[in-house]
Amino acid sequence: MISLAWKNLWRNKNRTAITMAAVFFAVILSVFTTSLKDGIFDNLVKNVVSFYTGYIQVRKKGYWDEQVLDNSMAYNEKVNAPLLSIENVSGGTPRLETFGLISTNKNTKGCMVVGIDPEKENLVTSLKDKIIKGSYLADGDKGVLLSEGLADRIKAEINDTVYLIGQGYHGATAAGMFEVKGLLRFGSPELNNQIIYLSLPAAAELFSAEGLSTSLVVSLKNPKALKESVDAIQQKISSEYEVMSWETMIPDVKQHIESDTRSMKYIQGILYLLVSFGIFGTLLMMMVERKYELGMLVAIGMNKTKLSLIIIIESVLTVMGGCLLGLLASIPIIYYFNKKPLVMGGEIAVIYERFGFEAVFPTSTNAAIFYNQGFTVLIIGLLLSLYPVYKIIILDPTTSMKR
Amino acid sequence: MNDIVIDTHNISRVYNPTTIPVYAIKNLHLHIRRGEFTALVGPSGSGKTTLLNLIGGLDKPDEGQIVINGTDITKLSPGKLIDFRLHNIGFVFQSFNLIPVLTARENAEFIMLLQGISKNERDERIKQLFRQVDLEEQIERRPSELSGGQQQRVAVARALASKPQFILADEPTANLDSKSASNLLDIMNKLNKEENITFLFSTHDQRVIDRARRVITLVDGQIASDTEPIMTSYAH
Ligand SMILES: Nc1ncnc2c1ncn2[C@@H]1O[C@H](COP(=O)(O)OP(=O)(O)OP(=O)(O)O)[C@@H](O)[C@H]1O
Ligand SMILES: [Mg+2]
């Protein structure tokens, strides 16, 4: 029985190849779109994290409404330790943020001053990766990092001295002189044109805010469990603090991601439909081609169970073969587009850049995509092969042998 | 050896019973005895194919009984009927009788596999059958590598492989040139004489009709004439 099925496949190479090709391309397409969809999503979320806000921030209650130094909180291990005990929390980094003026001999501009713990900040937002010139801050460093646009606006270079002026904690005057250690590049023009980093102790000294921070940026092991983590954190710390996820801090980004993934889902649904039609078309062709042969087999006394079994074995072998080949072929494709991501231009690029993201879409190489899509197409293929079986069940030899 | 293998009793087959009824077969009585070599003739549309389909259990009469070797096949369930065909009836169709992906030998072996016959017996029968249809050389060829006449001979071998009660052939020579047709008839005739195989075949071809020993003429689904068989015993 199996050998007849095998011979049917092997000795009808064209027909088998057509069905396999339908499955093959179906798998590649659906792996590709899913991987692109996941890749885009992951990339956006990753962008969000390194997009300054991080996944979650803890602030003193009231800071969100009035973002001034006076609404800062004491930062110490007492705040940090309970957070780290939460399963999904991988780390946290304190920040001291405020606005100020920066000037060189030539120019003065408004800027956003951020005091950070260089080590921890890098763990959470990969700040080091954004360095385009010079070097990153060391612990307790007296230097500053300037965003590229800001440096440009005040015409500052590496090793130049810049002056920072602002208002410190409880109205104290803040003024200091710093050496530019490195330049950073941000996707978001907003950040790229006004942010300046210095180490937390230096910032604390400048703003007379010893031991204070305005926010604590929390990083997560699994970014998808965002809500649960917000709740868990809020529960661990006192109600003096408020806990916010990036989704509430930057709701337009969240909206965009949502509408994006929704449209990807439609695309994928249409794709599955196309895939089904493709496979079904080849099955239909096969049944038309073999109508007479199948009628003859039933006429000479082959029972329909055996015949269906042969057809099922053929389908399973073809669909699985196509699936496996499709998966094998999609691996290099997916990896290629992971290394050399699609870059969008035009309108899409503009939207993304407004959020501070590059319009670059790498594919996700998550192995689960291959299993899931391969499996989905396999199931579609196998379900569709019930059609020939149905045709066999209702087959009447006299009609199917008529020409 | 004059026992009746095919006995149709007052059978009718009506198409379109609700609109304009067409009697493809009308109140037909027919007996075929073992060892007969019978041609079914008649104008196009006279019901030859319909009658052969009914006798072969591929179609059901709207009226009457068809008794094959003692079994009333009109009473069998569809599944049982398929099985009955496998064990009792050999079919040779006008063309495309064979499974294209299988060789001549595999085609004949296939039906024995369905019957669950042992490997030894299969091999032995195949050797014998292909000798009888004079295709020992071509046994490993696939249908596409055989001429039309050779394909029909393989079909005869395949039909015989299952050791049926009789062989039904609907216009087996219709697609053959006259030389191949006569060659196929020679082989069928020889099998009939030497092995006492019962053949019932339809044809339009006068030369084929001339070779038959009984000729039944159908007109409008009824028997118009029936030249009685020459009752010879072919005992050896
Ligand atoms: N499926 C069908 N539906 C309706 N009428 C049919 C059907 N099959 C056959 N008939 C009719 O039944 C009659 C007998 O047809 P049948 O095919 O048995 O004739 P035939 O003697 O085999 O003809 P031919 O020599 O052309 O093969 C014809 O009038 C035909 O039109
Ligand atoms: Mg006919």
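The values are calculated or read from the model by the stated rules, or taken from the named source; none is laboratory data. Everything quoted here is computed from the prediction, not taken from an experiment. FYI the Cβ positions are ideal-geometry reconstructions off the backbone, even for glycines, and counts take in every protein chain you see. Side chains are part of the model used for accessible areas, which takes the heavy atoms of the whole protein and leaves out ligands, DNA and RNA. Shrake-Rupley method; radii C 1.70, N 1.55, O 1.52, S 1.80 Å.
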So which residues in region B:25-46 are within 21 Å of A:Pro397 (Cβ to Cβ) and open to solvent by 10 Å² or more (accessible area, probe 1.4 Å), if there are any at all? B:Gly45
Scan of region A:197-215 for residues that are touching a Ser or Thr at 6+ places or on another chain (Cβ under 7 Å) and in a strand (DSSP E or B), ordered by number: A:Leu212, A:Ser213
Check whether at least one residue in region A:314-333 is within 14 Å of chain B (Cβ to nearest Cβ) and open to solvent by less than 60 Å² (accessible area, probe 1.4 Å), and report yes or no. yes
Across region A:115-134, what is the number of residues that are among the small types (Gly, Ala, Ser) and crowded, with 20+ Cβ neighbours inside 10 Å? 1
For the condition open to solvent by 60 Å² or more (accessible area, probe 1.4 Å), at pLDDT 90 or above and more than 21 Å from A:Gly211 (Cα to Cα), what is the one hit in A:Asp152, A:Asp160? A:Asp152
Helices (runs of 4 or more DSSP H) fully within region B:148-226 counting 3 or more residues that are aliphatic (A, V, I, L, M), open to solvent by less than 10 Å² (accessible area, probe 1.4 Å) and modelled with pLDDT of 90 or more: B:148-161, B:178-195
For A:Asp252, only one of the following conditions fails: (1) without any contact (Cβ under 8 Å) to a residue 40 or more places away in the chain; (2) surrounded by fewer than 12 Cβ atoms within 10 Å (Cβ to Cβ). What is its number? (1)
Selected residue (criterion: most open to solvent (accessible area, probe 1.4 Å)) from residues of region A:167-179 that are modelled with pLDDT of 90 or more and under 39 Å from the mean Cα position of the chain (by Cα): A:Glu179
B:Leu52 versus (1) away from ligand 2 (no atom under 16 Å from the Cβ); (2) part of a helix (DSSP H, G or I); (3) out of contact with any Gly (no Cβ under 8 Å at 6 or more places or on another chain): which is the lone unmet condition? (1)
Matching residues in region B:55-90 - criterion: being within 9 Å of chain A (Cβ to nearest Cβ) and within 16 Å of ligand 2 (Cβ to nearest atom): B:Gly56, B:Leu58, B:Asp59
Given the condition open to solvent by 40 Å² or more (accessible area, probe 1.4 Å), in contact with a His (Cβ under 9 Å, 6 or more places away or on another chain) and assigned by TED's automatic domain parsing to the domain that holds A:Val113, answer yes or no: does some residue in region A:63-71 qualify? yes
Within region B:14-48, considering residues that are within 14 Å of chain A (Cβ to nearest Cβ) and part of a strand (DSSP E or B), the one nearest to ligand 2 (Cβ to nearest atom): B:Ala24
Out of curiosity, is B:Ile66 of a type outside the set (Lys, Arg), under 19 Å from the mean Cα position of the chain (by Cα), more than 15 Å from ligand 1 (Cβ to nearest atom) and open to solvent by less than 40 Å² (accessible area, probe 1.4 Å)? yes
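Please work out if B:Arg207 is of a type outside the set (S, T, N, Q) and closer than 24 Å to B:Leu28 by Cβ. So that I can check it myself, show each step before the final result.
Details: of a type outside the set (S, T, N, Q): yes; closer than 24 Å to B:Leu28 by Cβ: no.
Criteria not met by B:Arg207.
Going by what's in this entry, would B:Ser95 be described as at pLDDT below 90, surrounded by fewer than 19 Cβ atoms within 10 Å (Cβ to Cβ) and of a type outside the set (A, V, I, L, M, F, W, C)?
Numbers: at pLDDT below 90: yes; surrounded by fewer than 19 Cβ atoms within 10 Å (Cβ to Cβ): yes; of a type outside the set (A, V, I, L, M, F, W, C): yes.
Considered against the rule, which asks whether it is at pLDDT below 90, surrounded by fewer than 19 Cβ atoms within 10 Å (Cβ to Cβ) and of a type outside the set (A, V, I, L, M, F, W, C), B:Ser95 comes out as yes.
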Taking region B:135-160 and keeping residues acidic (Asp, Glu) and closer than 19 Å to B:Lys179 by Cβ leaves B:Glu137
Working carefully through the options A:Arg59, A:Arg15, A:Arg95, find the one that is crowded, with 17+ Cβ neighbours inside 10 Å and either within 14 Å of chain B (Cβ to nearest Cβ) or acidic (Asp, Glu) (or both). A:Arg15
Could you please tell me which pairs satisfy a Cβ distance under 6 Å, a separation of 6+ or placement on different chains, a first residue in region B:159-177 that is within 15 Å of B:Ser95 (Cβ to Cβ) and within 16 Å of ligand 1 (Cβ to nearest atom), and a second residue that is of a type in the set (Ser, Thr, Tyr) and in a helix (DSSP H, G or I)? B:Asp170/B:Thr49
Among the residues of region A:135-147, how many are buried (at least 18 other Cβ atoms within 10 Å of the Cβ) and not hydroxyl-bearing (Ser, Thr, Tyr)? 6
Residues (charged (D, E, K, R) and over 16 Å from A:Pro362 (Cα atoms)) located in region A:20-79: A:Arg59, A:Lys60, A:Lys61, A:Asp65, A:Glu66, A:Asp70, A:Glu77, A:Lys78
With in contact with a strand residue (DSSP E or B) (Cβ under 7 Å, 6 or more places away or on another chain) and more than 16 Å from ligand 2 (Cβ to nearest atom) as the only criterion, which of B:Ala181, B:Ala159, B:Ala169 stands out? B:Ala159
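Residues being open to solvent by less than 10 Å² (accessible area, probe 1.4 Å) and within 13 Å of chain A (Cβ to nearest Cβ): count how many of those fall in region B:111-127.
Result for region B:111-127: 2.
Are any of the residues in region B:140-149 within 28 Å of B:Arg34 (Cβ to Cβ) and hydrophobic (A, V, I, L, M, F, W, C)? Give the derivation first.
Just the residues of region B:140-149 that are within 28 Å of B:Arg34 (Cβ to Cβ), to begin with: B:149.
Right, trim to hydrophobic (A, V, I, L, M, F, W, C) and you get none.
Checked against the condition, which is being within 28 Å of B:Arg34 (Cβ to Cβ) and hydrophobic (A, V, I, L, M, F, W, C), region B:140-149 yields no hits at all.
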